[in-house]
1. What's the total number of residues in segment 184-213 that are in contact with an Asp or Glu (Cβ under 7 Å, 6 or more places away or on another chain) and hydroxyl-bearing (Ser, Thr, Tyr)?
2. Yes or no: residue 173 outside any strand (DSSP E or B), at pLDDT 95 or above and in contact with a strand residue (DSSP E or B) (Cβ under 9 Å, 6 or more places away or on another chain)?
3. Would you please list the contacts, defined by Cβ atoms under 9 Å and residues six or more apart or on different chains, that run from a residue in segment 183-204 that is under 11 Å from residue 218 (Cα atoms) and of a type in the set (Ser, Thr, Tyr) to a residue that is assigned to a strand (DSSP E or B) and open to solvent by less than 40 Å² (accessible area, probe 1.4 Å)?
4. With the requirement that a residue be open to solvent by less than 70 Å² (accessible area, probe 1.4 Å) and either at pLDDT 75 or above or part of a loop (DSSP other than H, G, I, E, B) (or both), what does segment 1-26 give you?
5. Exactly one condition in (1) at pLDDT below 95; (2) in contact with a helix residue (DSSP H, G or I) (Cβ under 9 Å, 6 or more places away or on another chain); (3) assigned to a loop (DSSP other than H, G, I, E, B) is false for residue 228; which is it?
6. Do you know which residues across segment 192-224 are part of a strand (DSSP E or B) and either more than 23 Å from residue 136 (Cα to Cα) or of a type in the set (Ser, Thr, Tyr) (or both)?
7. Does residue 86 qualify as being open to solvent by 20 Å² or more (accessible area, probe 1.4 Å) and either free of Cβ contacts under 8 Å to residues at least 40 places away in the same chain or in a strand (DSSP E or B) (or both)?
8. I'd like to check something: does segment 192-211 contain any residue that is open to solvent by 30 Å² or more (accessible area, probe 1.4 Å) and closer than 21 Å to residue 97 by Cβ?
Amino acid sequence: MARTAAGGAGGGRVKGARRPEVRLPELEPWGGGELEPDGDYDGQAFREADFAGQDGAGARFMDCALTDCAFDETGLRHARVLDTVLTGIRGVGTDLAEATLRDVELVDARLGGTQLHGSVLERVVIRGGKIDYLNLRTAKLRDVVFEGCVLVEPDFGSAVLERVEFTGCTVKGADFRGVTMKDVDLRGAAELGIASGVERLSGAVISMSQLLDLAPVLAAQLGIRVEG
């Protein structure tokens, strides 16, 4: 299930993201142990589990809830996370390269150096929390909402963004080099800092105040010298 985000349509000028509506069934408590490569986790509740350094490459999480779990240096390459809620997770160097996240809510995460390059995110809400150095290079994001979170130096290099919204979030030092955008709504960002790739904002909508803030970067990109 999904719904279109209210206020994202921009008066018809930009299409709003379709948000996930995750309705979890009655969950079974996870039995413990370590993650397994290509493991299949269905309808399970993980609480305060420590997966640091474990290998769960290719694992599938469906209709799951992961709460206050640690993912430091956890290998989840090619994992599939479907119809799942992740709350209060934390970790440095989590490897989710080429993973698939569909109908996912990520709430109050504290992550650093998360690898999501080459991944596919569809109907995903990232709400609250702080993510440092998020690597989304060459990823495909469709119907993704960044809401009330802090993103420090996120790398969207050569990614494809379609119906992506930034709402009440802080974005510092974003890298948009080579990115392709369609119906990307940046107007709701509380702070929008772009380190590179400002010329790739075609397909995005920004506010007048954001335009003024970005004017020096745009002028530099166009080779315009502003004096006086």
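1. The total comes to 1.
2. no
3. From residues that are under 11 Å from residue 218 (Cα atoms) and of a type in the set (Ser, Thr, Tyr), the pairs are 196/173; 196/174; 196/175.
4. 5, 8, 9, 14, 16, 17, 19, 20, 21, 22, 24, 25
5. Condition (2) is where residue 228 drops out.
6. Matches in segment 192-224: 196 only.
7. Criteria met by residue 86.
8. no
The values are calculated or read from the model by the stated rules, or taken from the named source; none is laboratory data. Since this is a predicted model, take the numbers as computed values, not measurements. Heads up, the Cβs are rebuilt from the backbone with ideal geometry, glycines too, and the neighbour counts pull from every protein chain shown. Accessible surface is based on the protein model in full, side chains and every heavy atom, while ligands, DNA and RNA are left aside. Shrake-Rupley method; radii C 1.70, N 1.55, O 1.52, S 1.80 Å.
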